[in-house]
1. Write out the trypsin sites (Lys or Arg not before Pro) in segment 248-343 meeting two conditions: DSSP loop, and at most 13 other Cβ atoms within 10 Å of their Cβ.
2. Over all alpha-carbon pairs of the chain, lay out the pair-distance distribution in 20 Å bins, whole %, shortest bin first.
3. Per residue Cα convex hull volume for segment 67-170, in cubic angstrom?
4. Quote the relative contact order of segment 152-299 in percent (integer), defining contacts as alpha-carbon pairs under 8 Å separated by 6+ residues.
5. Can you figure out the FRET efficiency of V14 with T151, using R₀ = 45 Å and their beta-carbon distance, to the nearest 0.05?
6. Amide H neighbours of V185 under 5 Å, at least 5 residues apart or on other chains, H built in the peptide plane: list them.
7. Could you state, as a whole-number percent, how many of the C-alpha pairs of segment 283-323 are farther apart than 15 Å?
8. Within 10 Å, count the other beta carbons around each residue, average over each peptide in 16-29, 382-395, and list them highest first.
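Nothing in this text is a laboratory measurement; each read-out follows from the coordinates by a stated rule. Keep in mind that this is a model prediction, so the values were computed, not measured. All Cβ positions, even for glycine, are placed from backbone atoms using ideal geometry, and neighbour counts span all protein chains on display.
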Amino acid sequence: MSVSLDIVGDDLKVALPTGETVRFAHLDYAASAPCVSAAAEAVADLLPRYGSVHRGTGVRSQSSTIAYELARDVVAEFVGAGPEHEVIFTRNTTDAFNLLARCLPAGTTTIVFDGEHHANLLPWPNPVRLPAPSSPAEALRSLEQALRNTTGDVLVTVTGASNVTGEIWPVRQIAGLAHHYGARVAVDAAQLAPHRPVDLTELQADYLAFSGHKLYAPFGAGVLAGRWDWLDAAPPYLAGGGASAAVGDRPGELDWATGPARHEGGTPNLLGAVAVAAVCEALTAADRDVLAAQEELLLDRLRAGLATIPGVTEVSLFGPKHPRVGIVSLAFADEDPADVALRLGRDHGIGVRAGQFCAHPLVRRLTGRAETADCGTATGLLRISFGLGSTTDDVDRVLAALRNT
C-alpha cells in the first residue's frame, strides 16, 4: 500500500476491563473511515497559508483559491467528469442529494428503491418507491414497469453499494434501462467510492455523490458531480455571497452565478475539499485492483468464519455469491445486536455498529419485519465494515470475540 494511504492513528490503543491494553480494531468504516496520511498531510501543508477562498488579493486568499479549484479539478478527474459536468463541493452525500433534489425541474418524477440509505431515500420530490428487490433481475423488471408508467422528466436514483449488506448494485444496467426511457440517473457512491473506482461514464450515470468521511478524508466535505444543465437552471441551493454575481438596489434585482459557485454560497470548506482531493489523487495513483483483491481476502475470511458461529446469520438481498464491498451485517437468533456491539467495544476493543444504519425500510425487510406498523420497532443488525488498514488480525479478533460473547 502507498505510504499516502496509511491510516493515521492505526496504532491507537485502548484499555480493556481486564487491565490489558490492545490495539483498537476499527471495523466501522461504513460509518466513517479513518483518515489517511494523504488527507492529513494535505491539510497540514495548507494550514500555514490558509485564507478565504475567491476574490481576495492577499497571498493567503490567492493560495487558498488555487488550492480549492485545484481540488475540484482532481475530484473531476477521479469521477471522470467531462465538459458537460460540474463538480460541486457539499457537506456530505445527504447534502449533495438535497442540493440535486432542489435542482430538479418542476414536476420531475423520482424513482427510488426501498433498499437505499436515507440520504438517497428521503430528499426526492414526487417519489415512486419500489420495494427492495431480491435480485438484480427483479430490480430491472420493477424499474422498467415504473418507467413505463411515468412521463415527463424522470430521475432514477440508486446506490452503488449497499451500506447495510455491501452488495454492489447493477448500476450500469439500471442506467442503461433508465436512459432507454429518457430518464436520468443519480448514483449514491458513498460506499462504492472507497472500495472501487467510480466514473460517470463507466457507470453511465448523470449524477454521482459521495462523502469525504467515508473516503478517508474526515473533514466534513462531500461531492456532487453531474450534468450542468439542471444545476445551472435552478435557483441557488444557498442564496448568499459567492452564489450571487451581481445584486441591485431593489429586491429581485440580481444575477446568480453559473457553474459550481451557484450552489456553493458562503465561504466553502477549503480544508475539507483539499482533503477529499488528496485522497482521490492517492487512490487514482494506487492499484485499485490490488486493493480490491486484498479486501476480498479479508471479506472471504470474515464470512467463512461467521458461517461457523451458531445463532449468527449474514443478511443479503441478492444472495451470498453476489459481489460486495467490505461490509457485512448480521442478525442474531437470541441476542440484541446493540448488546453484542457494546460488549465487542468494551471487552475486546473492537468498534462495530449496531442498529438500522439510516436504512430503516431495508433493515426491516432483512430482519423479516417489513410489515410492522411501527417503523421504529425493528431490532436492527450488527454491521462489520472495513477497508484500507484493516488486517487479518482484525478479522480474527472479531470472529473470536463473537464466538465468546
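1. Details: sites: R262, R288, R301, R303, K321, R324, R343; in loops: K321.
When the trypsin sites (Lys or Arg not before Pro) of segment 248-343 are filtered for loop state and at most 13 Cβ neighbours within 10 Å, K321 remain.
2. Bins of 20 Å from zero give 27, 55, 18, 1 percent of pairs.
3. Enclosed volume per residue, from the Cα hull, is 128 Å³.
4. 17 percent
5. Once rounded, the FRET efficiency stands at 0.20.
6. V156, D206, Y207
7. Tail of P(r) above 15 Å: 56 percent of Cα pairs.
8. Numbers: 16-29: 15.4, 382-395: 21.7.
Highest mean packing first, the order is 382-395, 16-29.
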